[in-house]
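See structure below.
The values are calculated or read from the model by the stated rules, or taken from the named source; none is laboratory data. For clarity, every value in this text was computed on a predicted model and none was experimentally measured. Every residue, glycine as well, gets a Cβ built from its backbone with ideal geometry; the counts of neighbours run over all protein chains shown. For the accessible areas, the whole protein counts, side chains as well, though only heavy atoms, and no ligand, DNA or RNA atoms are used. Shrake-Rupley method; radii C 1.70, N 1.55, O 1.52, S 1.80 Å.
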Amino acid sequence: MKTNQIVRFALGLVGLIILVWFAWQVKQVFVYFAVSVVLALMGRPVMSKITQIKIKGHAIPDWAGGLVVIATYLVLVALFFKFLIPVLAEQIDIIVNLDVELILQEFSGPIASLEKWFKDMNINGIDRDSIQDELVGYLNFTSVSTAFENVLSGLGTILVAFMSILFITFFLLKDKNIVNNIVDTLTPDKYLKSIHNVIAETKDLLTRYFIGVVIQVSIITTIVSIGLSIFNVPNALLIGFIAGLINIIPYIGPIIGATFGISLSLLSYVHMDIGMDLGPLILKILGVFAVAQLTDNFVLQPLIFSKSVKAHPLEIFVVIMAAGMIAGVVGMILAVPTYTFLRIVAKEFFQGYKVVQGLTKDL
């Protein structure tokens, strides 16, 4: 290797290291950009409809359509703060001020049943005192209040992130070709057509996917909120909304949501000290979450995963499980959009391989 080649290689390596270091230092910006991309993709259909409207023969400009989409997001955020934040504050107050002795008294029956069941199963070392100690440990909610205080203290940072995301989202909506223009400057000419095809198809599929996820969250929230309201469960809307959000986590999300919902419901009832039998209440709440889960499994997920990203449910299941093993919950959430993008890239650049043909035949 000649001296000038060695120098060029060394300079290139140093430049790459500096670039990676710089990217890591400003990683928060990449997070903002990623969130903005999702918001822009979800706003594309609205943006398209608005810009097709003509007033006196003149089409509405892209900047005006972008402002309408941003205004819609602001209205949704305002509604969130108006309806859910007061309820959330009330629920946190209930949790922080729980009377542990009262809870142990209310759960004395279930604790006795658990103790008997462990004895019948010949499981030693677990008695009434150990069960109560575990329950008291779970009811140590000082971390909840601490976390809430940390959120309040970090409102300045949250506001900066919020405004940055809206700013980036607006320009992604306004300048439709901004991503293409960036890619054009970084891509060799012979690959430009293929890259543009990847970008266009990715936008279409991921737009449908993210809109489907929003619909999924909304429907699960509605089912759980209405169901819990029928049984007079306090803060039903908050529990439904949390269940809908957690449901984004594939497969284990509904289980976590149901556990969380039952816990909040029981704690609210105990706080009210109405002296009711908690067994039937638990069954009713489980029934509500079961209806939501069945609706999600047999209606929503097939429509969102199979129809929006054009992949077989079994294929999606394997991808999500593998992503979960590699990157945990975050991997499970990002599995479908990432897999969709990789399939589009493979279809465009590696169509000659039989495996790729099989995985991308529906795209």
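To the nearest 0.05, how large is the calculated FRET efficiency for V46 and L283 if R₀ is 51 Å and r is the Cβ-Cβ distance? Each step should come with its number before you reach the end.
Numbers: r = 42 Å, r/R0 = 0.82.
Computed FRET efficiency for V46 and L283 comes out at 0.75.
Compute log10 of I(q)/I(0) for the stretch 171-313 with the Debye formula, placing one identical point scatterer on every Cα and leaving out solvent, at q = 0.10, 0.16 Å⁻¹, to two decimals. Reported log10 I(q)/I(0), two decimals: -0.49, -0.83.
Give, as ranges by residue number, the residues of the stretch 49-91 whose backbone N falls under 19 Å from the point 7 Å along Cα→Cβ of I158. Output list for this probe position: 73-91. Placing pseudo-labels 7 Å out from each Cα toward the beta carbon at F22 and V75 gives an inter-label distance of 4.1 nm. The order of K56, K174, K361, K284 by accessible area, most exposed first and with a 1.4 Å probe, is K56, K361, K284, K174.
Pop the C-beta distance of M321 and A10 into the FRET formula with R0 = 56 Å and round what comes out to the nearest 0.05. With R0 = 56 Å, the Cβ-Cβ based efficiency is 0.85.
In this structure E201 has an accessible area near 50 Å², from a 1.4 Å probe over the protein heavy atoms.
So for H196, H58, what's the accessible-area order with a 1.4 Å probe, most first? Working shown, then result.
Details: H196 65, H58 130 Å².
I get H58, H196, largest accessible area first.
Calculate, for the stretch 1-82, the solvent-accessible area per residue in square angstrom, rolling a 1.4 angstrom probe over the heavy atoms of the protein chains. Walk me through the numbers on the way to the answer.
Details: 6270 Å² over 82 residues.
Each residue of the stretch 1-82 exposes 76 Å² on average to a 1.4 Å probe.
I need the shape label for the stretch 21-84. Rule: rounded when a/c is under 1.5, else prolate if a/b > b/c, else oblate, with a, b, c from the alpha carbon gyration tensor. Cα axes put the stretch 21-84 in the oblate bin.
Using only the Cα atoms of the stretch 150-221, build the gyration tensor, take square roots of its eigenvalues as a ≥ b ≥ c, and label the shape rounded, prolate or oblate: rounded if a/c is under 1.5, else prolate if a/b is larger than b/c, else oblate. It would help to have the intermediate numbers written out before the result.
Working: a/c = 3.29, a/b = 1.51, b/c = 2.17.
Oblate is the answer for the stretch 150-221, as a/c is 1.5 or above yet b/c matches or exceeds a/b.
The gain in end-to-end length when the F260 to A59 segment is fully stretched comes to 67.5 nm, 0.36 nm per residue minus the alpha carbon separation. In this simple spin-label approximation, A89 and D362 carry label points 7 Å from Cα along the Cα→Cβ vector, and these lie 4.7 nm apart. In this structure, the amide hydrogen of K310, modeled 1.01 Å from its nitrogen in the peptide plane, lies closer than 5 angstrom to no residue at least 5 positions away or on a different chain.
Taking 0.36 nm per residue of separation and subtracting the Cα-Cα distance, what length does fully extending N232 through S306 add?
Values: separation 74, 0.36 × 74 = 26.64 nm, distance 3.63 nm.
Length gained between N232 and S306: 23.0 nm.
Extension gain for A34 to Y191 (0.36 nm times residue separation, less C-alpha to C-alpha distance): 54.1 nm.
Using the Karplus relation 6.51 cos²θ - 1.76 cosθ + 1.60 with θ = phi - 60°, the per-residue 3J(HN,Hα) values for the stretch 327-336 come to 10, x, 5, 4, x, 5, 5, 8, 4, 5 Hz, with x marking Gly and Pro.
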